[in-house]
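Here's the structure we're looking at; comments come further down.
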Amino acid sequence: MGKLVDLMFLIATVGALTISLVVTAATFTRGLSALTGLPDNFTVQAFVILLSGGIFCLSSWIGINNGLQRLSKMVGWGAFLLPLLVLIVGPTEFITNSIINAIGLTRKTSCK
């Protein structure tokens, strides 16, 4: 019975990861198409899926300490630098006004 539960868990995990990767690839290629003019078709989606899978496999093959840790640090820095880049390059005044307005509304509604 324990082996059956393990097998069911493994199949469910693979299915969930596959769905997540495919939906993310479709969303990513649609945005890539809007930004660059590349076609949003199966070939581009397959390339994105294979590229992200290849990066993960390479990172896993290198090892936890070198590969996944380095990838995790890169994602952490990216999560910090991307909003900063959007703030600098994008509509800075609109973003800062929206942030200040959101903080004011949050204080107003939570401090009743």
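Computed values, structure above
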read-out: Pairwise label distance in nanometres, Ala102 with Val22, each label 7 Å out on the Cα-Cβ vector; value: 3.3
read-out: Residue with peak Gaussian network fluctuation, the chain [Cα springs, cutoff 10 Å], from Pro91, Pro83, Pro39; value: Pro91
read-out: Expected 222 nm ellipticity per residue - DSSP helices of 4 or more, -39500 (n - 2.57), all of the chain, to 500; value: -30000 deg cm²/dmol
read-out: Least to most buried among Asp40, Asp6 (fewest other Cβ within 10 Å first); value: Asp6, Asp40
read-out: Descending Cα extents along the principal axes, the chain, whole Å; value: 55, 43, 30
read-out: Per-residue Cβ neighbour rank within 10 angstrom, fewest leading, Thr18, Thr109; value: Thr109, Thr18
read-out: Gained length - Asn41 relative to Leu71, 0.36 nm times residue gap less alpha-carbon distance; value: 8.0 nm
read-out: Cα gyration tensor of region 1-62 - equivalent ellipsoid semi-axes, whole Å, descending; value: 30, 15, 7
read-out: Dipole in debye (nearest 20) - region 29-112, about Cα centre, beta carbon charges: Lys, Arg +1; Asp, Glu -1; value: 400
read-out: Debye-sum result for region 27-66 in log10 I(q)/I(0), which assumes one identical scatterer on each alpha carbon, at q = 0.24 Å⁻¹; value: -0.72
read-out: Globularity ratio of region 64-112, using Cα Rg and 2.2 N^0.38 Å; value: 1.73
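Read the figures in this text as sums done on the coordinates, not as results from a lab. Just so you know, these numbers come straight off a predicted model, no measurement behind them. When we count neighbours, we look across all protein chains shown, and the Cβ atoms used for this are built from the backbone with ideal geometry, even at glycine.
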